[in-house]
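Working notes, structure below.
Each value in this text was obtained by applying a stated rule to the coordinates, not by laboratory testing. Quick caveat: nothing in here was measured; it's all calculated off a predicted structure. Here the Cβ positions follow ideal geometry from the backbone for every residue, glycine too, while neighbour counts run over all protein chains shown.
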Amino acid sequence: MPEQCICKKCGNAGATDYPIVTFRTMTVHSGRKPQKYQAMGEVLSISLCSSCIDAWIAMRGEPKHQIVKALKYPVLLAILAVGVHFLGQNDIVRWVMCALFGGFALAIVVSEIKRIRRETTEIRTGNGNFSRDHMIEELAASLLPRKHADAHLSYVLCARVMDEKQHGQINREYGISKKKLAQVRQYLMVTPEVEVKAWKPTNR
Ligand SMILES: [Zn+2]
């Protein structure tokens, strides 16, 4: 293990090295319904310092920050509602459309605020789907590619994949099947570390 790990986020020394498994999810649209395929991607290491992790948790746990971001679409809808009201010809159509857009905007605001409240409380208390480990994975994902070719990438700490008891929870957080998690855990257990690090997923 290197003595001085440099944080990938801030570049300061004294970071911790986190081995992470990449999961690739490919959605194939053939036949009646889309099929999802999951595969293990690269196993990599990312160094992060505790102050960057704390800052990330503090930022994600702050409801105001999230709400401002979430208001983008409702505000657009509200502008549309006002626009329709002023531009429309027929009185009834004008009011109906205006009420429809306005109501829609309000419904989104209410449900988004509820979701954000629940989420930020979970983040601050480290409960539910937002444990500290999950937040480390989120921060790592923010610094790593989201996609590879057609595959969506998810990042899960090796330590969590190795802990069978967490597989149900990982499944809830990322939708990775428990069967796939068990397979990857088995692979990591029997494969020498050098080989794991050298392994590259084949491009399909
Ligand atoms: Zn840092």
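Annotations
- The residue list 63, 46, 76 was ranked by how far each Cα lies along the charge dipole of the range 1-82 toward its positive end, using unit charges on Cβ atoms, and 76 comes out on top.
- When the chain is treated as a GNM with alpha-carbon contacts under 10 Å, the residue of 16, 27, 120 showing the greatest mean-square fluctuation is 27.
- Distance in nm between pseudo-label sites at residue 132 and residue 59 (7 Å out along the Cβ direction from Cα): 2.0 nm
- Charge dipole (the range 69-155, unit charges on Cβ, about Cα centre) - positive-most of 153, 111, 143: 111
- Neighbour cut-off at most 12 other Cβ (10 Å), DSSP loop, trypsin sites (Lys or Arg not before Pro), the range 1-61: 32
- Angle in degrees between helix 178-190 and the longest Cα principal axis of the chain, rounded to the nearest 10: 20 degrees
- GNM on the chain, alpha-carbon springs under 10 angstrom: the most fluctuating residue among 158, 98, 52 is 98.
- Residues residue 153 and residue 10, FRET efficiency given R0 of 30 Å [Cβ-Cβ distance, rounded to 0.05]: 0.85
- Placing a label point 7 Å from the Cα of residue 183 along the Cα-to-Cβ line, the residues of the range 41-59 whose backbone N sits under 20 Å from it are 41-44.
- Applying the Karplus relation 6.51 cos²θ - 1.76 cosθ + 1.60 with θ = phi - 60° to the range 37-49 yields 3J(HN,Hα) values of 10, 10, 9, 7, x, 5, 9, 10, 10, 10, 9, 9, 9 Hz, where x marks Gly and Pro.
- Between 130, 104, 23, the GNM of the chain built on Cα springs shorter than 10 angstrom shows 104 fluctuating the most.
- With respect to the chain, whose longest principal axis is taken over its alpha-carbon atoms, helix 91-125 is tilted by about 30°.
- Amide H partners (placed H, <5 Å) of residue 199, local residues excluded: none
- Point-to-point label distance, residue 27-residue 87, nm (Cα→Cβ direction, 7 Å offset): 3.0 nm
- Annotation: amide H of residue 47 within the under-5 Å range of 8, 18, sequence separation 5 or more or interchain, hydrogens built in the peptide plane.
- Counted by neighbouring Cβ atoms within 10 Å, the residues 26, 135 run from fewest to most as 26, 135.
- With neighbour counts taken as other beta-carbon atoms within 10 Å, the residues 59, 97 rank, fewest first, as 59, 97.
- Averaging the sequence gap over all C-alpha pairs within less than 8 Å and six or more residues apart, then dividing by the number of residues, gives the range 1-96 a relative contact order of 21 percent.
- Each Cα pair under 8 Å and six or more residues apart adds its sequence gap; the mean of these over the residue count of the chain is a relative contact order of 25 percent.
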